[in-house]
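Here's the structure, in structure tokens; my notes come after.
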Amino acid sequence: MAEHFRGELPRLLRILAAPAGFLPLGPALTLAVRRFARRKPTVFDRLGEYGKCSFLIEPSDLDFSFLMVPDGVRSEVKCMRRRATQPADVTVRAPLLVLLGLLDGTLDGDAMFFNRAISVSGRTDALVALRNAIEDAELTPADFVGATGGLGKLVDRSVIGGLGLARRFTGSPIHGEPS
Amino acid sequence: MSLELVCPAGTPSALRAAVEAGAHSVYCGFRDETNARNFPGLNFSPDEMIEGVRFAHAHGAKVLVAINTFAKAGSMEAWKAALANAEKAGADAVILADLAVLDHAATHHPNLRLHLSVQAAAATPEAIAFYADTFGVKRVVMPRVLSVEEIAKLNAAINVETEAFVFGGLCPMTEGRCSLSSYATGKSPNLTGVCSPPEHVAYSEDRNGTATRLNGFTIDRFGAGEQAGYPTLCKGRFVAGGKTSYLFEDPVSLNAASLIAAFAKAGITALKIEGRQRGKGYVTEVVRTFRAAVDAIDAGGTEVEVGRLLAGLVEGGRQTSGAYKKTWR
Ligand code: SF4
């Protein structure tokens with residue numbers, strides 16, 4: 001495997017991000033998703049039966065991954081060391097910045113797939129449903145920290161600006177141009 | 001008169017993105033088998049449609065509701081409900097293909113403007129006159145098997161508007177008549193609203209790259225770094241005569257931006273962008289780029305470099321002007 005793919009975090013940042021794997025990211029994200037489900041239940045209606053499926057999300061440039069069951073107010077997110085291979089209905093693998101771009105709708109999932117920036121396996125129907133639900137959710141960084149009003153706008157501006165810079169810095173695909 | 005840009009929306013947020021990016025009209029469908037993009041998690045509930053139409057109208061854009069699959073014999077309820085819900089939402093037109101649905105709309109919803117879907121594959125003055133005279137159809141979406149010259153000739157012989165696809169995924173077969181997906185999965189865009197349904201699609205990775213399987217049939221294999229396409233049978237690679245090749249069609253996207261001026265000259269009313277299954281990122285970029293291209297041609301300016309600007313969004317990383325410039329062998 002090549003040392004560094006286009007759009008992946010540079011080695012130094014990966015090393016710096018490694019301790020994040022030990023933080024209680026899972027419980028924090030579980031709370032954030034459940035809070036979001038209470039605010040925008042229609043997003044989870046869109047998922048229908050697929051809300052019960054498990055999605056393993058693997059940032060290819062980090063040593064940990066997330067296992068998510070997006071079941072509305074009963075949603076669950078676990079953060080795991082990469083080695084702890086967990087069976088899941090769907091596995092999605094891509095550089096972290098690409099995954100975040102898909103989450104906030106900056107990047108187009110099909111374009112990322114055509115360009116091989118993401119790889120997927122498992123139940124394609126569940127993944128398509130999740131992709132479409134996320135697309136409509138209009139998620140912003142503030143949704144993840146539960147910030148609203150002026151603070152929410154500040155969080156969004158800073159994180160989105162930071163992500164834009166990071167994408168340029170790492171050469172991550174923008175709008176899906178061929179990588 | 002300037003060309004109307006008809007843009008795709010698979011979700012309410014994509015509808016807002018399309019309108020904000022400059023769409024003159026947005027087309028979308030309900031979340032069931034009545035529309036030909038019946039993918040999991042996609043499309044609109046009746047309430048979302050009402051809200052979508054309200055948003056579009058507030059911004060000066062129209063909403064065209066696609067109810068363009070073929071109704072099941074003896075069980076037309078979903079299609080009847082879709083027509084009623086489209087009218088209730090205040091849709092500017094419905095896009096239909098099936099004779100029974102057209103008849104029901106003409107009889108029970110006389111105020112709904114009727115457009116004929118590409119799925120009806122009406123490509124002759126006689127067929128179009130039949131739909132116009134019998135059901136009052138006002139616009140026909142052109143099958144993607146015609147050249148610009150053929151559309152110009154057709155326009156001279158009919159008295160309804162025409163709409164032509166200008167960008168996006170391509171069906172190389174005549175729409176509404178392709179049975180490849182039915183053959184492999186038992187489901188098709190014509191009846192269930194989805195070609196190569198995702199529940200039948202599986203990707204697996206091994207040392208040689210990624211294999212795409214459709215209901216157990218391996219339809220393609222991509223090496224690492226090789227551009228991928230949609231998992232439809234028509235874009236699969238098969239062995240025939242001892243050679244492996246894209247037997248039906250390469251994974252390419254339609255891009256007829258260089259023909260916008262020719263389309264206007266051929267008497268086409270509206271240009272359609274494919275991609276209701278695509279995300280907001282795609283919708284925003286493609287609509288904004290094409291709106292600039294249409295406005296530039298309108299103002300007598302030069303062509304916008306659409307091909308280069310949208311290169312990263314296209315299937316297989318390649319673009320074609322499709323049949324519009326094709327000389328058939
Ligand atoms: S197999 Fe290809 S040509 Fe046939 S309906 Fe599907 S996308 Fe269109």
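Computed from backbone phi with θ = phi - 60° and the Karplus coefficients 6.51, -1.76 and 1.60, the 3J(HN,Hα) list for the range A:26-38 is x, x, 5, 5, 4, 4, 4, 5, 5, 4, 5, 4, 5 Hz; x is used for glycine and proline. From least to most packed, judged by other beta carbons within 10 angstrom and beginning with the fewest, B:His115, B:His104 follow the order B:His104, B:His115.
Comparing B:Glu150, B:Glu175, B:Glu77 in a Gaussian network model of chain B where C-alpha atoms under 10 Å apart are linked, the largest mean-square fluctuation is found at B:Glu77. Helix-only arithmetic for chain B: the sum of -39500 (n - 2.57) across DSSP H runs with n ≥ 4, divided by the residue total, places the mean residue ellipticity at 222 nm at -9000 deg cm²/dmol. With point charges of +1 on the Cβ of Lys and Arg and -1 on the Cβ of Asp and Glu, referenced to the Cα centre of chain B, which listed residue (B:Cys28, B:Tyr203, B:Leu170) lies farthest in the positive direction of the dipole? Highest projection toward the positive end goes to B:Tyr203. Measuring between their Cα centroids, the range B:86-143 and the range B:239-312 lie 25 Å from each other.
Each peptide in B:254-264, A:41-51 receives the mean, over its residues, of other Cβ atoms within 10 Å, and ordering these scores from highest gives B:254-264, A:41-51.
Amide H contacts under 5 Å for B:Arg221: B:Thr212, B:Arg237, restricted to partners 5 or more places along the chain or on a different chain, H placed in the peptide plane at 1.01 Å from N. Taking one quarter of the surface of the C-alpha convex hull of chain B gives a mean projected area of 17.1 nm².
Dipole magnitude for the range B:150-280: computed about the Cα centre from +1 point charges on Lys and Arg Cβ and -1 point charges on Asp and Glu Cβ, it is near 40 debye.
Kindly give the semi-axes, whole Å and largest first, of the ellipsoid equivalent to the range B:180-246, taking each as the square root of 5 times a Cα gyration tensor eigenvalue.
Calculated on Cα positions only, the semi-axes equal 22, 14, 10 Å.
Distant-in-sequence amide contacts of B:Phe44, defined by a placed amide H-H separation under 5 Å and a gap of 5 or more residues or a different chain, comprise B:Gly29, B:Phe30, B:Arg31. Simple point charges give the picture: +1 on the Cβ of Lys and Arg, -1 on the Cβ of Asp and Glu, and for chain B a dipole about the Cα centre of about 500 debye. Listed peptides B:163-170, B:216-223 appear in the order B:163-170, B:216-223 once ranked by packing, highest mean of other Cβ atoms within 10 Å at the front. Farthest towards the positive end of the charge dipole of the range B:174-329, among the residues B:Gly186, B:Ala293, B:Leu310, is the Cα of B:Gly186, using unit charges on the Cβ of Lys, Arg, Asp and Glu. All C-alpha to C-alpha distances of the range B:36-190, sorted into 5 Å bins beginning at zero, yield P(r) values of 2, 9, 17, 20, 21, 17, 11, 4, 0 percent in whole numbers. Between amide H atoms placed 1.01 Å from N, distances below 5 Å from B:Ser188 occur with B:Gly193, B:Val194, all of them 5 or more places distant or on a separate chain. Secondary structure note: in the range A:48-97, about 65% of the DSSP beta bridges are antiparallel.
Take each residue in B:37-47, count the other chain C-beta atoms within 10 Å of its C-beta, and the mean is 5.
When ranked by the protection proxy of mean other Cβ atoms within 10 Å per residue, highest first, what sequence do the peptides B:177-188, A:96-107 form?
Descending mean neighbour count gives A:96-107, B:177-188.
Here the residues B:Leu3, B:Leu42, B:Leu99, ranked from fewest to most Cβ neighbours within 10 Å of their Cβ, fall in the order B:Leu99, B:Leu3, B:Leu42. Work out the mean other chain Cβ neighbour count within 10 Å for the residues of B:285-295 and drop it here as an integer. Counting other chains' Cβ atoms within 10 Å and averaging over B:285-295 gives 1. Calculate how many DSSP beta bridges within chain B are antiparallel, expressed in % of all such bridges and rounded to the nearest 5. If I count the DSSP bridges inside chain B, around 40 percent turn out antiparallel.
Across peptide A:41-47, the mean count of Cβ atoms from other chains lying within 10 Å of each residue's own Cβ comes to 3. Placing +1 on the Cβ of every Lys and Arg and -1 on the Cβ of every Asp and Glu, with nothing else charged, gives the range B:28-75 a dipole about its Cα centre of roughly 160 debye. Charged neighbours of B:Leu191, selected by a Cβ distance under 9 Å, balance to +1 (K, R count +1; D, E count -1).
Applying the Karplus relation 6.51 cos²θ - 1.76 cosθ + 1.60 with θ = phi - 60° to the range B:155-168 yields 3J(HN,Hα) values of 4, 6, 9, 10, 10, 10, 6, 10, 10, 10, 5, 10, 7, x Hz, where x marks Gly and Pro. Note that the range B:81-91 has calculated 3J(HN,Hα) couplings of 5, 4, 4, 4, 5, 5, 5, 4, 6, x, 4 Hz, one per residue in order, obtained from phi through the Karplus relation 6.51 cos²θ - 1.76 cosθ + 1.60 (θ = phi - 60°); glycine and proline are x.
None of the figures in this text is laboratory data; all of them are computed from the coordinates on show. Since this is a predicted model, take the numbers as computed values, not measurements. Cβ: placed from backbone, ideal geometry, glycine included. Neighbour counts: every protein chain shown.
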